[in-house]
Amino acid sequence: MHWRIAPQIQARRMIDRKPLYLMTPALAWLTAFMVAPCLMILALAFFQRGIYGGIDYTFTLENIALVFDPLYANIFLKSAFIAGLSATIAVVIGYAAAFAITAAPAKRQAMLLFFAVLPFWSNYLVRTYAWIVMLNREGLIAGAAQWLGYDGELPKMLYTETAVVIGLVYNYLPFVILACYAPLSRLNPEIAEASRDLGGNGWTTFRRVILPMTVPGIATGFVFVFVLSIGNFVTPALLGGGQFQMIGNLVYAQFLTANDWPFGAALSMFLIAIMMGLLTLQTYASERASGARREE
Amino acid sequence: MRSIANPRLMLMILSAVFAFLYIPISVLFALSFNEGGLPTAWTGFSVKWYGALFRNSDIMGAALNTLVVAVISTALATILGTLLAVGVEIRRRKGRFLETIIFAPMIIPDIVLAIALLSFFSLLNVTLGLHTVILSHVVFNLAFVCSVVRSRLKTFDWSVVEASTDLGAPMVVTLWRVVLPVMMPAVIAGALLAFTLSLDEFIIAFFTAGAGRDSITLPMQIFAMIRFGVTPEINALAAIVMTLSVVILALSQRLNRGGLPGQ
Amino acid sequence: MTQPLLTIRNVRKNFGSVKAIDGIDLDIHENEFFALLGASGSGKTTLLRMLAGFELPDDGEVILDGKDVSQVPPNHRPVNLMFQSYALFPNMSVARNIAYGLEMEKLPKAEIRSRVDEILEVIQLSHLANRKPDQLSGGQRQRVALARALVKRPRLLLLDEPLGALDKKLRGEMQLELKRIQNEFGITFIIVTHDQEEALVMADRVAILKDGRLLQSGTPQEIYEHPESRFAADFIGVMNFFPVTQESGHLRAQDGSTITANTPLESAARGVAAVRPERLHIGGNDRDNSISGTVSAIAYHGLDLQVHLKTPASPDPVLIRLTADVAERAPIGVGDSLTVHWAAKDTRVFAV
């Protein structure tokens, strides 16, 4: 009702009747160094590549078409596969971990969550590097196998797709745990008890009641890992050893080695498109889940 | 969830996950003190790699560059982000467009922002260097500061502003004595978050720093070291960098009990 | 009669198309404990905020001590507001919170200290002077908020739902405490509340607001005994209503019985007759003002017994309040038939 929210707004507006002045510097900064560059990239995707690199300002759809060229489309599919696999594994592990944390005594949950997130705060490169040490031929896993008496030939671990997936899961797992913990911890424990009371066993209760109500967390976790993985170029570069390319590496190459900026721009447009599509899906998933909750 | 959880299974899950999360990190720390420097054999405790690190002028130069970038971009982002947060929270109408612009720097893939800025600077014929890294870092830093401060302002009881006025204070006094002190923990927490993000940021710096050796930041140096020849010094460097970010962020978290964005 | 401390004259305020205040006139006297009573959306809080200076009236005057203050900003009015959320400064101790308003008056440090100490004594929180607000209980916070406003010795102290956040028992204690403090300081209090019981207990005079208009003002007793509208009768206390039609000067209830009142139903054929539950007596008098029915429920309240009577005379059950000793002498059970009567002087009639 209008007159009841009025006092709060009045109080805020007393500070400054023109809040726009406060926002102007930051918005100007974002416009200059984010909006403008991104719009430029958008435009760039529709220009031709110059003969000696650089840009020829002639309109073309070639770059967009090139994205669908089998060679590049395959890289897209491959990246999507790796990202999807990593996101799936991260969500399964992360959800289990979050569930286990919510099952812990209330006073210990904050501490467990803190330590689950702690690695996320450290340097990404360093965390990725740690897996080089683990997976190296002279690395820790090899060393451990040897120490256990295994002296046969170990399969190659570093510089494989598996290594890339491990690296991505490792780096983004803490976020997934957080994302899944949020809806799990908000669940009213009496809901699970009510389901049991009505005759559902533990598994049924989980599948029919808890899982549907925590879909938003799962969706957030999945989208986050997928989006960050598909555009990632650090992990494939370090743990994949340049053996195979993902979109991130392709974009990187267009700008820093192949010098085909318009094509690089077109590739990043698709990256953004995929991201926005997924975010929309995620919003939809959360809205549906919260709708379901209201109906109950 | 306790009513349907099997305690033994839960314990197993937690142990496995924490082992997965912490073994690689712990190995790095242990290795940084390993005399021989190799992961395969423990040859004795030593801090010699830390010594070597501080004598390596490339690394020290990069560290200094990173510090310059982080300090300046954090200072700028803190001012801009705080003003933005206050402005947005005061505003009556919440524009979807405005929210998107403010939120975008936090979710836009690094690589996209990086190449966009690179093209932008190149086409405007801006010489690349530390200054362009700073300009770029402010973009996402201000978004994070803004988000931390906003979460604080959301729980802020705006009637204290009225209370202060009612007790006779002019608006300047109210801002200085009531609003700022209440916001301060969040502002500092946001600044600390921005500082670590800037310290650790690699991709955008990699694209916007240019080719010169004198604008290499620490993450760029680490990337190069991992990629082109691992020396044991990097373990020591990794241990320091990791500890630094964790300590600063834990501090930030403590100051701002409301939690970091995304949490 | 002396000049009123505060005169509100034909004040109006719109928020968009909503008439928050729709022409209110009110006089409030020195040293009065005055209550603005109304449901949410009645305009009571807007009126209070207008007195504090946070809302400016679109029209009309607010006259304090003979001067029109309606356009004076809040920090220049000798009026203080105790906020519903208390609005204590979370970054300052109890003592600093209380001293804040005095510091704004640029009083000497020694005087500030002695006045803060003095008021801490009054609210009995001297031992918590250095605590921060988040270390206090709800009741303690409420008293700090009161002290912070009171210490400035305003001409007028405004209290916005001051007891709303407290639990029921504490609320009872604080009602008496507020009255004691008001007496001690001799400051005029205006309190906003939606709780009619609170208004009746505390206030010297009450104003009932509805849809931005003043329905009735007067002492609690006047309003309770002589409500001027059906709304006021229903809003204050408990009331039984009997729909009536007027035929040649007589009021006839739905069951055909006759109801008499000292005041006639003016210029309308239909209306309601209203009687307070405690005015109903058991037993018929074979004449007017007599209603029969079946007991549908009995609620025990300690001191008294509330009997619900289903009767053709009213769509809702009629409520009868019997003191414990009356109930003991003539035990009543659910399902019993019962007749009650009342005196003509206790009937109020309203047009519908």
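In the set B:Ser136, B:Ser147, B:Ser159, which member is within 22 Å of A:Val234 (Cα to Cα), crowded, with 20+ Cβ neighbours inside 10 Å and polar (S, T, N, Q)?
B:Ser136
When the residues of the range B:162-179 are filtered to those that are of a type outside the set (Val, Ile, Thr) and crowded, with 23+ Cβ neighbours inside 10 Å, which remaining residue is modelled with the lowest pLDDT?
So the residue we want is B:Glu162.
Kindly evaluate B:Thr43 against the criterion of being of a type outside the set (A, V, I, L, M), surrounded by fewer than 17 Cβ atoms within 10 Å (Cβ to Cβ) and within 14 Å of chain A (Cβ to nearest Cβ).
Criteria met by B:Thr43.
Restricting to the range A:93-116, name every residue that is of a type in the set (D, E, K, R) and either surrounded by 22 or more Cβ atoms within 10 Å (Cβ to Cβ) or closer than 16 Å to A:Ala192 by Cβ (or both).
Of everything in the range A:93-116, nothing turns out to be of a type in the set (D, E, K, R) and either surrounded by 22 or more Cβ atoms within 10 Å (Cβ to Cβ) or closer than 16 Å to A:Ala192 by Cβ (or both).
If we keep just the residues of the range B:99-111 that are surrounded by fewer than 24 Cβ atoms within 10 Å (Cβ to Cβ), within 8 Å of chain A (Cβ to nearest Cβ) and hydrophobic (A, V, I, L, M, F, W, C), which is farthest from the chain's Cα centre (by Cα)?
For the range B:99-111, the residue satisfying everything is B:Ile101.
Restrict the check to the range C:245-263 and report whether at least one residue is part of a helix (DSSP H, G or I), within 30 Å of C:Gly38 (Cβ to Cβ) and not assigned by TED's automatic domain parsing to the domain that holds C:Ala35.
No, the range C:245-263 has no match at all.
Where in the range C:264-352 are there strands (runs of 3 or more DSSP E), lying wholly inside it, with at least 3 residues that are touching a strand residue (DSSP E or B) at 6+ places or on another chain (Cβ under 9 Å) and over 12 Å from C:Asn240 (Cβ atoms)?
Filter on the range C:264-352 gives C:290-300, C:304-310, C:337-341, C:348-351.
Among the residues of the range B:193-245, write down those that are within 7 Å of chain A (Cβ to nearest Cβ) and outside any helix (DSSP H, G or I).
Passing the criteria: only B:Phe202.
Quick grid of which residues meet (1) under 26 Å from B:Phe223 (Cβ atoms); (2) among the β-branched types (Val, Ile, Thr):
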site: B:Asn65; (1), (2): yes, no
site: B:Leu80; (1), (2): no, no
site: B:Ile115; (1), (2): yes, yes
site: B:Thr165; (1), (2): no, yes
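Assess whether C:Val275 counts as being surrounded by 13 or more Cβ atoms within 10 Å (Cβ to Cβ), touching a helix residue (DSSP H, G or I) at 6+ places or on another chain (Cβ under 8 Å), β-branched (Val, Ile, Thr) and within 17 Å of C:Arg230 (Cβ to Cβ).
So C:Val275 passes the test.
Can you find even one residue in the range C:78-97 that is in contact (Cβ under 8 Å) with a residue 60 or more places away in the chain, buried (at least 22 other Cβ atoms within 10 Å of the Cβ) and among the polar types (S, T, N, Q)?
So far as the range C:78-97 goes, yes, one or more of its residues are in contact (Cβ under 8 Å) with a residue 60 or more places away in the chain, buried (at least 22 other Cβ atoms within 10 Å of the Cβ) and among the polar types (S, T, N, Q).
Quick one: would you say C:Gln246 is of a type outside the set (A, V, I, L, M) and more than 30 Å from C:Pro331 (Cβ to Cβ)?
Considered against the rule, which asks whether it is of a type outside the set (A, V, I, L, M) and more than 30 Å from C:Pro331 (Cβ to Cβ), C:Gln246 comes out as yes.
Looking at B:Arg96, is it out of contact with any Ser or Thr (no Cβ under 8 Å at 6 or more places or on another chain), over 30 Å from C:Arg155 (Cα atoms) and facing chain A (nearest Cβ under 9 Å)?
So B:Arg96 does not fit the description; no.
Can you pull out the helices (runs of 4 or more DSSP H) entirely within the range B:14-113 that have at least 1 residues that are under 30 Å from B:Asp157 (Cα atoms), modelled with pLDDT of 90 or more and of a type in the set (Ser, Thr, Tyr)?
Working: elements: B:48-55, B:57-90, B:96-107.
Filter on the range B:14-113 gives B:57-90.
Keeping to the range B:120-164, report how many residues are within 11 Å of another protein chain (Cβ to nearest Cβ), closer than 21 Å to B:Val182 by Cβ and of a type in the set (Ser, Thr, Tyr).
Number satisfying all stated conditions: 3.
Which condition breaks for C:Ser267 when tested against (1) in contact (Cβ under 8 Å) with a residue 24 or more places away in the chain; (2) small (Gly, Ala, Ser); (3) surrounded by 15 or more Cβ atoms within 10 Å (Cβ to Cβ)?
(3)
Looking at A:Pro155 and the list (1) within 12 Å of chain B (Cβ to nearest Cβ); (2) farther than 20 Å from B:Phe18 by Cβ, which single condition is not satisfied?
So the condition that A:Pro155 fails would be (1).
Of the conditions (1) within 24 Å of the chain's Cα centre (by Cα); (2) acidic (Asp, Glu); (3) outside any helix (DSSP H, G or I), B:Asp157 clears all except one; give me its number.
It is condition (1) that B:Asp157 fails.
Filter the range C:107-145 for residues that are within 15 Å of C:Met82 (Cβ to Cβ) and polar (S, T, N, Q) and give the result.
Passing the criteria: C:Gln140, C:Gln142.
For the range B:170-198, give me each residue that is within 16 Å of C:Pro90 (Cβ to Cβ) and over 19 Å from the mean Cα position of the chain (by Cα).
B:Thr174, B:Leu175, B:Trp176, B:Arg177, B:Val178, B:Val179, B:Leu180, B:Pro181, B:Val182, B:Met183, listed by residue number.
Select, from C:Leu178, C:Leu163, the only residue that is part of a helix (DSSP H, G or I) and touching a residue at least 24 places away in the same chain (Cβ under 8 Å). Spell out the reasoning first.
Numbers: C:Leu163 fails: part of a helix (DSSP H, G or I).
Exactly one residue qualifies, and that residue is C:Leu178.
Please find, within the range A:201-259, the residue that is nearest to the other protein chains (Cβ to nearest Cβ) out of those that are hydroxyl-bearing (Ser, Thr, Tyr) and in a helix (DSSP H, G or I).
Narrowing the range A:201-259 to residues hydroxyl-bearing (Ser, Thr, Tyr): A:204-205, A:214, A:220, A:229, A:235, A:252, A:257.
Narrowing further to those that are in a helix (DSSP H, G or I): A:204-205, A:220, A:229, A:235, A:252.
Details: A:Thr204: 9, A:Thr205: 5, A:Thr220: 9, A:Ser229: 10, A:Thr235: 11, A:Tyr252: 7 Å.
By that ranking, first place goes to A:Thr205.
Looking at (1) touching a residue at least 12 places away in the same chain (Cβ under 8 Å); (2) within 13 Å of chain B (Cβ to nearest Cβ), can you tell me which one A:Gly50 breaks?
(1)
Criterion first (farther than 24 Å from C:Ser93 by Cβ, touching a Ser or Thr at 6+ places or on another chain (Cβ under 7 Å) and of a type outside the set (Val, Ile, Thr)) does C:Ala207 satisfy it? Write out each step before concluding.
On the way: farther than 24 Å from C:Ser93 by Cβ: yes; touching a Ser or Thr at 6+ places or on another chain (Cβ under 7 Å): yes; of a type outside the set (Val, Ile, Thr): yes.
Spelling it out, C:Ala207 is indeed farther than 24 Å from C:Ser93 by Cβ, touching a Ser or Thr at 6+ places or on another chain (Cβ under 7 Å) and of a type outside the set (Val, Ile, Thr).
Any residue in the range C:1-22 that is in the same structural domain as C:Ile187 (by TED's automatic domain parsing) and small (Gly, Ala, Ser) sitting within a Cβ distance under 7 Å of a residue that is modelled with pLDDT under 95 and part of a loop (DSSP other than H, G, I, E, B)? List the pairs, counting only those 6 or more apart or interchain.
Between residues of the range C:1-22 that are in the same structural domain as C:Ile187 (by TED's automatic domain parsing) and small (Gly, Ala, Ser) and residues that are modelled with pLDDT under 95 and part of a loop (DSSP other than H, G, I, E, B), the close pairs are C:Ala20/C:Gly43; C:Ala20/C:Gly212.
If you take the residues in the range B:54-92 that are closer than 15 Å to B:Gly129 by Cα and polar (S, T, N, Q), which one is farthest from the other protein chains (Cβ to nearest Cβ)?
Looking at residues that are closer than 15 Å to B:Gly129 by Cα and polar (S, T, N, Q), I get B:Asn65.
The values are calculated or read from the model by the stated rules, or taken from the named source; none is laboratory data. Here the structure is a predicted model, which means the values were calculated and not measured. Cβ sites come from the backbone with ideal geometry, for glycine too, and all protein chains shown count toward neighbours.
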